[in-house]
Amino acid sequence: MLYLTKNELRVVAVLAVVICLGSGLTYLFKRYPYLPDLVNLLDSPSIYIKTNVNSATAEELEEVPYIGPYTAGKIVEFRRRHGSISDLEQLRSIKGIRPTNFERFVQYLEADQ
Amino acid sequence: MITARSWSWLGLCTSGFATGIVAGYFQMWNVGPAMIGGLLLVPLLGLMRSIRPVIGIFVLFGVLGSLYQWSYQYQGPEHIRQRRMNHAAREVRVQGQVASDIKVTQMPYMRRYSFELEIEQLGLNGRWRLTRGRILVQLFRETEIRYGDRIETTGRLHVPFEFSTNPNFSYRDFLQRKNIHYILSVKNNTPVAVLEPARRGIKSQIYVFRKKIIQRIDPYLSTSELNLIQAILLGERSFIPRHIREIFIRTGTVHILAISGLHVGMISLLILTVLSVLNLPRKSIFVLSTILLGVYIILSGARPSVVRAGIMYIIVLGSHLFEREVRQIDTLSLAALVLLLLNPMNLFDIGFQMSFVCVAGIVVLSPKIQWLLERPLSRAKTRSGFVTGLIQSFAVSVAVALVIEMLVAYYFEIFTPVAVAANLLVVPLAMLVVYMGAGLMVFAFVWPPLAGLFAMMVKVSLNLMVGTAFLFSQLPGAYFYWRGLTLWNLIIYYFIIVMIFLVPWGIICPNLRRTKNQPKSGISTSPDQPEGRDFDNTRRL
């Protein structure tokens, strides 16, 4: 009779689970083409942690990726002069913020008042 | 009475050695604190005869540590640091040997290729000078240079820039601790000539193998998935998408994205399981797993945390083989001593500090926390394995959070109360990612159809892990920024932790623990038994 040690059983069980689940998932991903996009959270904008551009302090803005002390200071100064920001596109008009940099950090901001 | 028997001698030697390195680094020997310390030591030695050898060994290893640090840092007259270069960038020619793998960093607008160069000659003011030392070379174009190549190039030599706004982190100091004092920036149109190609060494072959692994798994995963799996399994962290890194930072789970002891533990378990299936003798399993783990350590960049885990693994496995009992605290101390002997400046490496503080927390604090958690359940006749496992995991999470959170707040200025809960869920998912990722890497070479199935599991588990971390980051009060924490705050905090957890539990006062806990915990009363069996982490490994 076939005798398997504990570790051999473990390896066989893992391979069996991978084959079953992997095959099932491959089938589902092919059968329902919208499923890969649904599962793919890594590239989804919905998982970006957003900072409120109106309530954040300069220090909090500095924690946002691609925003340094200079840009944070410019945003706070803009807010002080023009009041709260209703549309993030307003940030484009700030002198000293490059369009390429704006595109990078804007996805981490929100403008809820 | 305090007895010398309750001390971990290796721990004592290592802490003495580390203290000596700190004293040597900050040149404390010739200032007041050392004298005051010495004056205090005299009456202390007279009062406590029993701990006289303890203090003696501590001081002896302190002096040794200081001397070792001084000799390691000493640079001869030919060292690049002695060339007295101006801080302004200078155009120089250099000849030397590539001393690290080529590291690729994704910058906002381009990719940066950097490597360490062991200098042989420096061309300054039109003539070559024999020079020693290491510099960091940065290129902004793809290069075919490999580890071990002898090269010649021209560029601007400058001291490293300080770019961090955090007062507790200095990039210049970080590089200096690796004995790198200058950066050579090579222009895009400047050629990099290979004078002599690399000889076929083990290290260079391992780096080539790493590239092959990435090429093999590339077709199975999307770019983001590949970037994440590269970070988790091969230590290539520069391509992790920024928003994903932010999620892990804000939930206190960022350690998952850098190879650490957790990853090495999982990989070594995997290696052991596979080797045991091959029905090899125990000694062969030990030798083979040690070799494979060594390869993995080099493959992943040999960071201090990885080397620490590797040393501990080899000691534990060796103790099994030779049927010797080892204490976890001794294993940890030995690993620290080895790393400090390799490079005393490792002591100031953030990864080194976090890794050792973390494991010390697990080894010393978690059994005590577990005991506290289990006390209410001690009257229950039966307890399921699931509950015990849950308590154990929770105790480990709390212990790690207690020792690591303040260190993270000090270096990264963020405090994450959600970390305990987040780690309980995210770590098991990370384990799944590591196992499936390792399977993908192996089967991509061995049997590609099965690699596709492993890749599917990697996709799902990776997204599940990131999704879970994201949900935790959205909880109210999950994290907050904490600036202005000083080194003194940190010292006082760890002093309090030691006082709370170690004093009443028998490390400093073993009699207190013995009289209070012995009947309940069933610790032997025999003086031949090692003291602090349950709480001093002398569990059989």
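The values are calculated or read from the model by the stated rules, or taken from the named source; none is laboratory data. This one's a predicted model, so the numbers in the text were calculated from it and none came from an experiment. Counting neighbours? That spans all protein chains shown, and the Cβs are built from the backbone with ideal geometry, glycine included. Just the protein is used for accessible areas: all its heavy atoms, side chains included, with ligands, DNA and RNA removed. Shrake-Rupley method; radii C 1.70, N 1.55, O 1.52, S 1.80 Å.
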Excluding residues fewer than 8 positions from A:Lys95 in its own chain, the lysines with Cα under 29 Å of it are A:Lys50, A:Lys74
Carbon/sulfur accessible area of the stretch B:96-136, % of total, 1.4 Å probe, equals 48 percent
When the charge dipole of the stretch B:105-174 is computed with +1 on Lys and Arg Cβ and -1 on Asp and Glu Cβ about the Cα centre, the Cα farthest towards its positive end, among B:Ser114, B:Gly126, B:Phe140, belongs to B:Gly126
Honestly the stretch A:48-110 on the Cα gyration tensor test (a ≥ b ≥ c root eigenvalues; a/c under 1.5 rounded, otherwise a/b vs b/c for prolate or oblate) is just rounded
Magnitude of the Cβ-charge dipole (Lys and Arg +1, Asp and Glu -1) of the stretch B:80-199 about the Cα centre, nearest 20 debye, reported as 360 debye
Semi-axes in Å, largest first, for the protein assembly as shown (Cα gyration tensor, √(5λ)) are 40, 35, 30
Heads up, the stretch B:80-199 by the C-alpha gyration tensor (a ≥ b ≥ c square roots of eigenvalues; a/c under 1.5 rounded, else a/b over b/c prolate, else oblate) looks oblate
Carbon plus sulfur, as percent of the 1.4 Å-probe accessible area of the stretch B:342-427, comes to 69 percent
Here, chymotrypsin sites (Phe, Trp or Tyr not before Pro) of the stretch B:203-272 satisfying both criteria (DSSP loop; at most 11 other Cβ within 10 Å) are none
Comparing each residue of the stretch A:39-57 in the complete protein assembly with the chain by itself (heavy atoms, probe 1.4 Å, ligands and nucleic acids ignored), those losing at least 30 Å² of accessible area are A:Val39, A:Leu41, A:Leu42, A:Asp43, A:Ile47, A:Tyr48, A:Ile49
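Hey, can you rank B:397-403, B:169-175 by average C-beta count inside 10 Å, highest first?
B:397-403, B:169-175
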Within 10 Å of the Cβ of an average residue in A:62-68, the count of other chain Cβ atoms is 3
Note on the stretch B:311-435: alpha-carbon gyration tensor, axes a ≥ b ≥ c; rule is a/c under 1.5 for rounded, else prolate if a/b larger than b/c, else oblate; result oblate
Beyond 20 Å, the calculated P(r) of the stretch B:306-385 holds a percent of Cα-Cα pairs equal to 48 percent
Among the stretch B:268-307, those whose backbone N falls under 17 Å of a label point 7 Å along Cα→Cβ from A:Lys6 are B:269-280, B:282
Over all Cα pairs of the stretch B:158-277, the Kirkwood radius sets Rh, and Rg/Rh then becomes 1.03
Share of accessible surface on carbon and sulfur in the stretch A:48-110, whole %, 1.4 Å probe and ligands ignored, is 46 percent
Rounded to two decimals, the Debye log10 I(q)/I(0) of chain A (Cα scatterers, no solvent) at q = 0.18, 0.19 Å⁻¹ is -0.88, -0.94
Probe 1.4 Å, heavy atoms of protein chains only: per residue, the accessible area of the protein assembly as shown in Å² is 52 Å²
Counting as exposed only trypsin sites (Lys or Arg not before Pro) in DSSP loop states with no more than 15 other Cβ atoms inside 10 Å, the longest exposed-site-free span of chain A is A:1-49
If each part is reduced to its alpha-carbon centroid, the stretch B:60-77 and the stretch B:261-323 end up apart, in Å, by 32 Å
The helix A:69-82 Cα axis meets the longest alpha-carbon principal axis of chain A at an angle in degrees, between 0 and 90 and rounded to 10, of 50 degrees
Note: B vs A interface, total accessible area buried (1.4 Å probe; ligands, DNA, RNA excluded), nearest 100 Å², is 3100 Å²
In short, the stretch B:268-290 residues buried by 50 Å² or more of accessible area relative to the isolated chain (1.4 Å probe) are B:Thr273, B:Val277
Those GluC sites (Glu not before Pro) from the stretch B:364-465 that are DSSP loop and have at most 13 other Cβ neighbours within 10 Å turn out to be none
For B:Lys187, the lysines lying under 30 Å Cα to Cα, once residues fewer than eight places off in the same chain are dropped, come out as B:Lys103, B:Lys178, B:Lys203, B:Lys211, B:Lys212
Taking alpha-carbon centroids only, the stretch B:224-242 lies from the stretch A:1-46 a number of Å equal to 21 Å
